[in-house]
Every structure is written in structure tokens, then in C-alpha cells.
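Colleague: Just passing along the structure, written as C-alpha cells.
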Amino acid sequence: MSSTIESLQSEERFFSAPSQFTNSAYIQDASFYSKASTDRLKFWADRASELKWSKKWNTVLTWERPFASWFEGGELNASVNCLDVHMETHRKHKAAIIWEGENGEVRTYTYTQLHREVCKFAYQLKHTFKVSKGDRVTLYMPMIPELAIAVLACARIGAVHSVVFGGFSAKSLKDRLLDSESKVLITADGGFRRGSSILLKDIVDEALAQRDTLVQSVIVVKHTQNDIGWIQGRDADYATIMANSKQQTEAEAMQSEDILFILYTSGTTGKPKGIIHTTGGYMTHAKYSAKAVFDLKDEDVYFCTADIGWITGHTYLVYGPLSNGATCLMYEGAPDYPNKDRFWELVEKHQVSILYTAPTAIRAFMKWGDAYPKAHDLSSLRLLGTVGEPINPEAWMWYYEHIGGKRCPIVDTWWQTETGGIMISNLVGIQDMKPGSAGLPLPGISAQVLDDTGDVVTEGGGLLSITEPWPSMLRGVWGDPQRFEDVYWSEFSTYFAGDGATVDKDGYFKILGRVDDVLNVAGHRIGTMEVESALVAYSDVAEAAVVGVVDEIKGQAIVAYVILKEGIEKTDSLKTRLFSHVSVEIGAIARPKLIVFTADLPKTRSGKIMRRILKAIANGEPVGDTTTLANPGIVEVLVGT
Ligand code: PRX
């Protein structure tokens, strides 16, 4: 890990939100920060009070590092807070979800309609499929409304949902089914992506072929209508079970610390971690942060482009906006299908006012050119957001000028699967924006940059840490409590985020990226070990080392250095087989950009692969000191490849 993390870019430009924006922003008063820091627990109790609790809590926080318990004694239900709370208000017939399929089909669900669908599906899960409180249910679905319905139906009956992104392979799905011990799997026949259908049900059948998971029932939404296999007694058709279903209007009263969901994410070992989030604290932060950061108003049409398979989709497409009664646009497909102006067409057609997307998408839009957004009326937009990876100032400026028309403020939001919600972001009603900087920790959140010894860096670079417990913090790693302590709590006495960051004289944080062996490819976290394990699982491969290289669009791309077993020929066709092997083992998102066959890898005398050196070679940078290597000669060979 680097002890001297420095940011080479110094950004002096500041931008302010227009006054009509700041005059109506939900948070305009800078004393919000001081109130939060003066009495942090009262601040969070006030935020929690904005939710509907069937029983009020006794204690705001019990903290025995690293175990937090928020709002103990309180009872609530997340689905009630997203749906039932709006039934007696003016939002009853307001659009909750406007969904557009890749083929242009549009479906709109009002809060009443969404409530009805969720209650029906919850009834089926509970009574037909015998799902009880605490049971795990895995969702492996395309971006269709039934995914949001299934998430909320699980929450309604107290089942723990585990959403697995639809781009993962049969093997990745199976690993997650085994780890979570799910007994019900909800899927679809397929999903549309760039005009063709992704055959999800086939992947499900492959994952379940050996019958070694605990899955007893597979509920299938027929969306693409492609031919699928059907196993009588195991598979159930969503439309049929919903046709005359009763409604589960009564919701399970969940203890504040009951688990709401698990979501798998990559770490530095080959095995993904099931990050645990509980109900009361997560919902408190989801509701508060969505309202504070996006300044969500009743009139807004809010478009979060993330898939529900990732944490951004959980918190800022489902729980955060719906608990605030917002209208969300949900889009199924790719941004460049059928043309590269699809997002701008969606913005114009649905009068989107808030757009939340990823830097990788912005860089692609930039590359495609401004003619695409220019061809559309984007005047409905009033606020823009980014998430998932550092945004370079050029991309920020492009977003600001060409999408926001220099009129829309931008929120650059730093957070993680583990943090549950946004931790660092400028609040546009109060602070000016600095391109490339996420800004200040939200009121109620304490973040600091620490040096290697854990001392606070007041201006300069170091490692990002969250220094006080927060309500939506992860509560553990599913089935692996030791990993929770080792990964997040052994570096410092406070939470170790795994990111390098700088803090400047104004207190603004700029996130520099991961300092561990986790890559960020197009905003997706991929552990180098996961890809290495997949490569080594291939019979011809003896050893593999994976590093990230800078990629203009994706931020980072994967380069794999591979040592083949004795006597195996280094052919292009083997490379092709290895590329597809990684896609099959993990999913297409983990497919390397480049595979380099090599006879050896740079190693220390104790046999540890020096990824730092490989990374420098792959990026065409100076390799630095190689004297600690057992085999320095390999460096020259690799530089020449
Ligand atoms: O490295 C940081 C980067 O994404 C990581 C978290 O990934 P994940 O758990 O998949 O969640 C992504 C969506 C919240 C972080 O450790 N990251 C996230 N947001 C930003 C970011 N890096 C820089 N700037 C951001 N705004």
C-alpha cells in the first residue's frame, strides 16, 4: 500500500448552482452540518423519525466496535415505507415507476398500482412458496419492473433478498446461491440488450443442473418470450401465479436490526463477499441521503441509470427515491441502442429532471460527440449526478456543459456497497462544486484522510476512513464474520474504505481509487484474485496475475499475465478460449482486455507476485526498483512484450 498518496491534478475551478436552485433546495442552511456534528445521535434520530415505525426505538446507537446496532427496539418495514406511506397522501396516484424497455415499450406504475403488485407477489412468496421471515431469496433478473416488485415483496414479508446482477455467469450465480442458501430464485426468460436477448433462464438451468443448491422453486417472468426449458414442480410462471392472487397487505414488523438484504461484491480474495444491510439504519440513510443529495421534489422525474443488481440500484432506484415518494424512470437497455442518443431521447420523452449515472458512461458520451445530446431538448434537467469511480475534470466539464447546459449542478457521490448510501457529496444548495472532487462528507457522516500510521491528514493525500459509525453501515459479511473484521477494521481503529483520497484546504475530498487488489472496470468492482482464480482453473494454465490498465472509457481494463503448463503451446486460439472461459466463470464484465503469455512473473524472494511491477509494465510506466525481485530479468522480457 502506498504511504505517499498524492493527487497530481490540482483543481482550482469552482462552480455555483444557480440561485433559483439554491433558493429552493431542500438543504440551504449550512448549520445543518454543525447541528449534525454537535449532536450526531439526535441528528440521526431526527432522520429516522422521517420513516414510519410501527414501534419506536429505545436506543439510537449501541456501538461496540466494529458492531453497530441502530434504533434498537424499533420496528418497521421497508416496503411499507416505500409504498403504504404514500397511500393516504396526494402521491397515491402519482407515478412511482415509469419503465421503458429497450424495444420502446413503456409501462407506468402509480404508487397504488405498485403497492398492489408488491402485495400480490408478497402473498405468493409467503403462501405458495412458503418463504418465511429471514429466508433468503435470490433475484437474477433483467431491468424490468418485476425486479423492483420482487425486491419490495421480499422486504414486505421479511425475506432477505440477494440480487445477483444479470450479467453474471451460471457459475457466479451458483456460488451466490450456495453461499446465501437461497431456497427460491426469481428470474426471467431473458432480458433485452442491444437488440438481442440475454437467455437468463438457460443460465439459471445451468446453475441448478447439479441440484446441489437449496433452491426448490424458480419463479419465471416471461419477458422476451424466447423458448425456455421448464422443470415441472420447480418452475412457476409469474403471470399465472399473479393472475388471481390475493394481496399480502399486512407487512412483517421487522426489528430495526433484522437483515433487509445481502449483496455480493468483490474483494481482494477470490470469493465475493455477501455484504449485509439491516432495516432501520439502512432505510434511514437511504431516505435522508436521496432527499438531501438529489434534492428530490414531488415534481421531479428521477432517472438512475444503474442496474438494481448493484448497490446504486438498491439504494437510489428503489429504497431511497420510493421512500421519498419520487417518480423514477427505469430503463432496461443499453445507452447506445438503437442509437447513441438513447439516454437523451429518454430524458426528452419523459421530461427527466434528475439524472444519476456513471463516469464511464459520461466518457463514452464524450467520445461519441455532442451532436447526440444536442439533437434533443434537455431543458427538463435540473440536477446531474455521478457515482462509481473517480470522474476526471474533463468529463465533469463535458457533463456540465453539454448535458447540464451550464445550468444544472453536479453531485459527485462517493460511497460503496458497504456504506449502503452516499457518504461524500457536495450539497448543491450550500456548497460550490469543484470538478473532480466529491466534496464534503454529508451532514451526520465523519470521514477523514489518514496516513499509514492512522494519523489524520488535514491537507494532502492518504487513505480514506469513515471515523464514526453511521446508520447504513454494513453489519457484516454473510457467513464470514472474521472477514468483516479483517478487511474493514484491522487497518485502523476506524472503518477502512480501501480507497486513496486527498483532502484540500477547503475540506473537499477527492477520491483517487482503490489501494487494494480490487479493480474498478466501468464502475464495477472486480477482484484481481477472482479473475486469477478463474484463469488458473483452466487446465492449460499454471499461474496467472491480473492488473488494471488505464482505459479511456472504462476507467480501468484488465490485463492478465499467464504462465502456461509445460508443453502447452502459446496460441491465439488458446487466448480466445481463455477470454471466454473468464466470461463463463465470472461474467462478461470480468473479461480481460489483453492476455499476455509469459514464462515467468516478477516475484519477491518469498515467492509473492509483484503486481506493482506488472501494473507499471502494463501501463507503460517506469517500473522503479527491482532489486527485491528474485528474478529481475523477467522485467525486461515483459517490457518488450
Ligand atoms: O473506489 C470507490 C469507487 O467505487 C468503490 C465502491 O464500489 P461499489 O461497492 O461497487 O459501489 C459503487 C457504487 C456506490 C469505491 O470504493 N467509487 C464510488 N463512487 C465514487 C468512487 N470513486 C470515486 N468517486 C466516486 N464518486
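Computed from the coordinates by the stated procedures, all read-outs in this text should not be read as laboratory data. Remember, predicted model here, so these are calculated numbers, not experimental data. Quick reminder, even Gly has a Cβ in these numbers, built from the backbone with ideal geometry, and neighbours come from all protein chains shown.
Colleague: By how many nm would the segment from Q210 to A630 grow when fully extended, if each residue of separation counts as 0.36 nm and the alpha-carbon distance is taken off? Present the calculation step by step, with values, prior to reporting the outcome.
Modeller: Numbers: separation 420, 0.36 × 420 = 151.20 nm, distance 4.42 nm.
Between Q210 and A630, full extension yields an extra 146.8 nm.
Colleague: Please give the length that would be gained between K367 and S54 if that part of the chain were fully extended, namely 0.36 nm times their separation in residues minus their C-alpha to C-alpha distance (nm, one decimal). Please list the in-between numbers first.
Modeller: Numbers: separation 313, 0.36 × 313 = 112.68 nm, distance 5.09 nm.
Stretched out fully, the K367 to S54 stretch lengthens by 107.6 nm.
Colleague: If you don't mind, another one. What distance in nm separates the simple spin-label points at Y337 and V550, each placed 7 Å from Cα in the Cβ direction?
Modeller: Taking the two extended label points, one gets 3.2 nm.
Colleague: Let me ask something else about it. Calculate, for Q232 and S580, the FRET efficiency according to 1/(1 + (r/R0)^6) with r their C-beta to C-beta distance and R0 35 Å; round to the nearest 0.05. Could you put the intermediate results ahead of the total?
Modeller: On the way: r = 33 Å, r/R0 = 0.93.
The calculated FRET efficiency here is 0.60.
Colleague: For the stretch 509-523, just list the computed ³J(HN,Hα) in residue order, Karplus coefficients 6.51, -1.76 and 1.60, θ = phi - 60°, integers in Hz, with x standing in for Gly and Pro.
Modeller: 3J(HN,Hα) across the stretch 509-523, in whole Hz: 9, 10, 8, 9, x, 5, 10, 10, 8, 10, 9, 10, 9, 6, x.
Colleague: Further question on the same structure: So what's the convex hull volume per residue for the Cα atoms of the chain, in Å³? Write out the running numbers ahead of the final one.
Modeller: Working: hull volume 99.7 nm³, N = 641.
Cα-based convex hull of the chain, divided per residue, equals 156 Å³.
Colleague: Once a ≥ b ≥ c are taken as the square roots of the eigenvalues of the Cα gyration tensor of the stretch 139-206, is the result rounded (a/c under 1.5), prolate (a/b larger than b/c) or oblate (a/b not larger than b/c)? Write out the running numbers ahead of the final one.
Modeller: Details: a/c = 2.49, a/b = 1.26, b/c = 1.98.
Because a/c hits 1.5 or more and a/b fails to exceed b/c, the stretch 139-206 counts as oblate.
Colleague: Could you tell me what percent of the DSSP beta bridges with both partners in the chain are antiparallel, to the nearest 5?
Modeller: Working: 62 of 102 bridges.
Close to 60 percent.
Colleague: Starting from the 7 Å offset along Cα-to-Cβ, what nm value, one decimal, do you get for the label separation of T571 and A30?
Modeller: Spacing of the two 7 Å Cα→Cβ label points: 6.9 nm.
Colleague: Once you have a ≥ b ≥ c as the square roots of the Cα gyration tensor eigenvalues for the stretch 518-639, tell me rounded if a/c is under 1.5, and otherwise prolate or oblate according to whether a/b is larger than b/c.
Modeller: On the way: a/c = 1.80, a/b = 1.17, b/c = 1.54.
Oblate.
Colleague: List the aspartates and glutamates whose Cα sits under 20 Å from the Cα of K42, skipping any in the same chain fewer than 8 residues away.
Modeller: Excluding near neighbours in sequence, the set is D29, E50, E64, E72, E75, E257, E468.
Colleague: I would also like to ask the following. Pulled fully out, how much extra length does the chain show between Q351 and A542, if you take 0.36 nm times their separation in residues and subtract their Cα-Cα distance?
Modeller: Working: separation 191, 0.36 × 191 = 68.76 nm, distance 5.45 nm.
This chain segment gains 63.3 nm when fully extended.
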